[in-house]
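Below is one structure, written out as structure tokens; comments come after it.
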């Protein structure tokens with residue numbers, strides 16, 4: 001279902017924000033559909049490899065529109081997720097060294 005941990009984290013954030021009633025599912029679906037259409041118009045080949053990037057952009061759009069957070073404050077965790085993914089393969093068990101997980 002997920003190709004990288006950041007995709008799962010984006011999914012979890014969306015579920016959490018929905019549970020907290022920041023947005024409803026129809027608003028999420030409409031905003032995601034608009035993002036995908038916009039990306040396709042800009043040349044996204046829609047091969048499935050950019051799907052969760054659209055989720056992340058939609059998440060940023062809704063959170064900013066709802067004044068839950070500013071887009072800038074969302075960028076740092078996103079980059080942290082991607083950097084962490086590069087250091088450990090998705091699905092690998094953590095390596096324990098001196099009592100701490102990597």
## Note on the structure
Selection from the range 1-31 of residues under 12 Å from the mean Cα position of the chain (by Cα) and either surrounded by 16 or more Cβ atoms within 10 Å (Cβ to Cβ) or not in a loop (DSSP other than H, G, I, E, B) (or both) yields 4, 5, 6, 7, 8, 9, 10, 11, 12, 13, 14, 15
### Query
Pairs, please: C-beta under 6 Å, at least 6 apart or cross-chain, first residue under 19 Å from residue 2 (Cα atoms) and in the range 36-50, second part of a loop (DSSP other than H, G, I, E, B)?
50/44
### Task
Name the single residue, out of those in the range 35-50 being part of a helix (DSSP H, G or I) and touching a helix residue (DSSP H, G or I) at 6+ places or on another chain (Cβ under 8 Å), that is surrounded by the most Cβ atoms within 10 Å (Cβ to Cβ).
35
### Query
What is the number of the single condition among (1) surrounded by 10 or more Cβ atoms within 10 Å (Cβ to Cβ); (2) assigned to a helix (DSSP H, G or I); (3) modelled with pLDDT under 85 that residue 90 does not meet?
(2)
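The values are calculated or read from the model by the stated rules, or taken from the named source; none is laboratory data. Because the structure is predicted, anything quoted here is derived from the model rather than measured. Note: ideal-geometry Cβ built from the backbone for every residue, glycine included; neighbour counts use all protein chains shown.
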